[in-house]
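Taken together, the values in this text are just the output of simple stated rules run on the coordinates, not laboratory data. Computed from a predicted model, the values in this text were never measured in an experiment. We place every Cβ from the backbone using ideal geometry, glycine too, and count neighbours over all the protein chains shown.
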Protein chains: 2
Amino acid sequence: MEETAPVGPWEAEAFVDYDRLVKIFGARPLTESEVKSLEKVAGGSHIMLRRRVFYSHRDLDVYLNMYEKGVRCSLYTGRGPSGSTHLGHILPWFFTKWLQDRLGLELFFQMTDDEKFWHDERLDISESNRYAYENILDLAAIGLDYRKTHIIIDSEDIAYLYPIAVRVAKKITFSTQRATFGFTDSTNIGLIFYPVLQISMSFLPSELYKEETYVLIPAGIDQDPYWRIARDIAPSLGYPKPSQIHNKLLPGLGPEGKMSSSKPETAIYTTDPPEVGAQKIIRAYTGGQPTVELQRKLGGNPDRCSVYKMYEMLFEEDDAKLLERYQNCRTGALLCGDCKAELASRVRRFLADFQRKREAARDKVELYLLRTKFELPKRNVRKLLQ
Amino acid sequence: MEETAPVGPWEAEAFVDYDRLVKIFGARPLTESEVKSLEKVAGGSHIMLRRRVFYSHRDLDVYLNMYEKGVRCSLYTGRGPSGSTHLGHILPWFFTKWLQDRLGLELFFQMTDDEKFWHDERLDISESNRYAYENILDLAAIGLDYRKTHIIIDSEDIAYLYPIAVRVAKKITFSTQRATFGFTDSTNIGLIFYPVLQISMSFLPSELYKEETYVLIPAGIDQDPYWRIARDIAPSLGYPKPSQIHNKLLPGLGPEGKMSSSKPETAIYTTDPPEVGAQKIIRAYTGGQPTVELQRKLGGNPDRCSVYKMYEMLFEEDDAKLLERYQNCRTGALLCGDCKAELASRVRRFLADFQRKREAARDKVELYLLRTKFELPKRNVRKLLQ
């Protein structure tokens, strides 16, 4: 899943004006009543929901309505396996696991090794393919249930997608594709074709279950352009429109921008040795003042602080404690050094625990592969020729 | 295989200036010495070769050289299964069978049901897919050996092609694709992607045999644009450049144009009842004079006659008899009615015989499918993750 959007500052900026984005993309901000509906169906709450880490959606209400009616529903998300995963990548997967557990949903997950190969001049397909398998360890460490998690690796499992892709590709013109993704004359044909596969994936559950299946996609809003096309063409192909719920991106540990593999020193990888992860936190850029004295006097700015965002989006479950931390930062009672030291210790523990689970999953990777669970339809040639 | 070429009159005209085409496309006309080389290797001659129905090539000499050296060689051609096949479609397959038999070559054959679906607004993929199987009966009736003929049906067998296609797609930009095939903004993404698959097919034998395999493609020169790109990118992907040998197109039975499904009354289908085929010949447009008297006086023009071309390209094996027919037409000794009556009777016999063989092949179709003979490579996931 490549991050593409026609809006400019999007790629670089993590402290984004999300209201503006919602307006540009035409998605709907998640209202209090919609959050309540989801919490009711889920029988509980999730920090990413009540803190609006997931903050906008398309047709979540329709999806929940279908779910409550007993119509078949599933989840779909994915990953572009161009390297090791960092916390920014796995953030939405925690919420996806929560949805899987609470709503009892099967998750279809796409590893786009083909797209990453097409996108990166220096990457070989054998590398992105290997990362696809490597990244499954992270999904397993998150705790996603292999009995309900079905992973497709594009370059190998294309036979599942292609019968859908053939029909999707006929519905999309080059001009639509270019307007949506900003392709140029020098774009390679792989990248031009790729959106067809990401769109097709949202229709795969209906094909595999041989019944109308509603799909909810938890993913960053940067992926929205794909689903806009998917939603446009779904009715003419006889599929329900996929619903989405969009998350904000985890900021990197530098002064600006989302957590990104292009700046590895500002990203915490799931494979970073715990002490390395902790050190990255200690060196993180904060919303604090230049000196302890000024901090005591003026207070910090948690709204522009990558360390505070880590607590808010991932590492502080307790709302009261989070609020206290916010206020203590604002008033200058809490100094960046102490705030970082505590986060560093949480990150250290998190990485050690995550890596134990990750290693334990090495012999379970195949259990997650869709191909080991779903058969391809077989043709009855004789009947066809009658 | 869609017929595409940037030259204008090409599609409509069958009595084409082939010398000009060779010049435009940059292929090489087949010389007497090259024909002799092929005949020597084949241990015999074929009417389509000595009459230059196959008339130009790229690197046929390189291919024969490799063949004689004992390097692995194979054949590749294909068909866009948008309907029943007519004599124009099967013409190159007779020559392909001759090559298969004489040189002991395996043939890889691509049924492009996806492309035909993308190309024709009214065609459903289920129809082009069904025609793919239906058309295999024609390949069987031609006499192609199923032990040495391996057919891919794009929409179902994509898993064999996609690992190659992924690498091919990265090598081709949209501007190359547009310049070669004349795509516009309203072209659907399927058609833009499709050339990647036809190109990839020429590298498949090397992958399946796991060794460098030289490929010779017998096909109409209208397919040449695909192979030009294939030849351009082959070295960078580590494959030999595919060689080609181009055939002229069989004229339709009307006053102009190649035999085409768009004018069914001027095309003889392999499924036409023998009497219907014979009647189409009787009604054919010829190079004769408006009246018997003028024909006797001025003679006919076999060079612009669809009936004569049928004899020349398919229905008269004997060179001496063909020459006699040509001269008797020129002098006015042979009247169109008699010439047609004899061809009609040959066509009637041909169709009856062909249809017997076609019916007998119904339970052998699966034997031709590549998927029933070649296994997809399997990943050793555990080894990959070490």
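List the aspartates and glutamates whose alpha-carbon lies under 15 Å from that of residue B:241, not counting same-chain residues fewer than 8 positions away?
B:59, B:61, B:207, B:211, B:212, B:224, B:232
Is there a pair in B:40/B:97; A:171/B:258; A:97/A:340 whose C-alpha atoms are over 21 Å apart, and which pairs would that be? Mind dumping the intermediate values first?
Numbers: B:40/B:97 17 Å; A:171/B:258 31 Å; A:97/A:340 28 Å.
Violating the 21 Å Cα-Cα cut-off are A:171/B:258; A:97/A:340.
If R₀ is 45 angstrom, what is the calculated FRET efficiency for the pair residue B:236 and residue B:32, using the beta carbon separation as r and rounding to 0.05? List each step's numbers first, then the result.
Values: r = 35 Å, r/R0 = 0.78.
After rounding to 0.05, the efficiency reads 0.80.
For each of B:303, B:154, count neighbouring Cβ atoms within 10 Å of the residue's Cβ, then give the residues from fewest to most. If you can, show how the numbers build up before the last one.
Numbers: B:303 13, B:154 28.
In increasing order of surrounding Cβ atoms, one gets B:303, B:154.
Can you tell me the FRET efficiency between residue B:209 and residue B:124 if r is taken as the Cβ-Cβ distance and R0 is 22 Å, rounded to the nearest 0.05?
Details: r = 35 Å, r/R0 = 1.61.
Efficiency at R0 = 22 Å is approximately 0.05.
So which trypsin sites (Lys or Arg not before Pro) in the range B:153-210 are both in a DSSP loop and have at most 11 other Cβ atoms within 10 Å of their Cβ? All intermediate terms of the calculation are to be shown ahead of the outcome.
On the way: sites: B:167, B:170, B:171, B:178, B:210; in loops: B:210.
Listed in order of number, the matching sites are B:210.
I need the GluC sites (Glu not before Pro) found in the range A:60-163, filtered to DSSP loop residues with at most 15 other beta carbons within 10 Å of theirs.
On the way: sites: A:68, A:106, A:115, A:121, A:127, A:134, A:156; in loops: A:121.
Taking the range A:60-163 and a limit of 15 other Cβ atoms within 10 Å, the loop GluC sites (Glu not before Pro) found are A:121.
Across the residues of B:158-165, average count of Cβ atoms on other protein chains within 10 Å?
5
Calculate the FRET efficiency for residue A:101 and residue B:261 from the Cβ-Cβ distance with a Förster distance of 60 Å, rounded to the nearest 0.05. Intermediate values should be presented prior to the final figure.
Values: r = 56 Å, r/R0 = 0.93.
E(calc), rounded to 0.05, equals 0.60.
Quick one: label points 7 angstrom along Cα→Cβ at residue A:346, distances to the other copies in nm, smallest first?
8.7
With the label 7 angstrom out along Cα to Cβ, how close does residue A:383 come to the same site in each of the other copies, in nm, nearest first?
3.8
Under 5 Å between amide H atoms, partner at least 5 residues away or on a different chain: which partners does residue B:75 have, H built in plane at 1.01 Å?
Under 5 Å from the amide H of residue B:75: B:106, B:107, B:108, B:216.
List the lysines whose Cα lies under 17 Å from the Cα of residue B:170, skipping any in the same chain that are fewer than 8 positions away.
A:116
Would you please classify the overall shape of the range A:264-364 from the alpha carbon gyration tensor, given that a ≥ b ≥ c denote the square roots of the eigenvalues, rounded means a/c under 1.5, and beyond that prolate means a/b larger than b/c while oblate covers the rest?
Judged from the Cα gyration tensor, the range A:264-364 comes out prolate (a/c at least 1.5, a/b above b/c).
Quick check on the exposure proxy: order A:93, B:118, B:98 from fewest to most C-beta atoms within 10 angstrom.
So the residues, fewest neighbours to most, are B:98, A:93, B:118.
What are the semi-axes of the equivalent ellipsoid for chain A, taken as the square roots of 5 times the Cα gyration tensor eigenvalues, largest first, in whole Å? Don't skip to the end; give the middle numbers.
Working: eigenvalues 271, 98, 90 Å².
The three semi-axes for chain A are 37, 22, 21 Å.
Which distances, shortest first and in nm, link residue B:256 to the matching position in the other copies, using label points set 7 Å out along Cα to C-beta?
6.5
Dipole of the range A:32-159, Cα-centred, from +1 at each Lys and Arg C-beta and -1 at each Asp and Glu C-beta, to the nearest 20 debye?
Computed about the Cα centre, the dipole is about 780 debye.
For the range B:61-78, what does the Karplus curve 6.51 cos²θ - 1.76 cosθ + 1.60, with θ = phi - 60°, yield as ³J(HN,Hα) per residue in whole Hz, taken in order and with x for Gly and Pro?
Using θ = phi - 60°, the values come out as 4, 4, 4, 5, 4, 5, 4, 5, 6, x, 5, 5, 10, 8, 10, 8, 8, x Hz.
Taking a cut-off of 17 Å between Cα atoms, list the lysines near residue B:23, but don't count ones fewer than 8 places away on the same chain.
Within the straight-line limit of under 17 Å, residue B:23 reaches these lysines: B:248.
Hey, got the dipole for chain B? About the Cα centre, +1 on K and R Cβ, -1 on D and E Cβ, debye to the nearest 20?
Numbers: 54 positive and 53 negative charges, 156 e Å.
With only Lys, Arg, Asp and Glu charged at Cβ, the dipole is about 760 debye.
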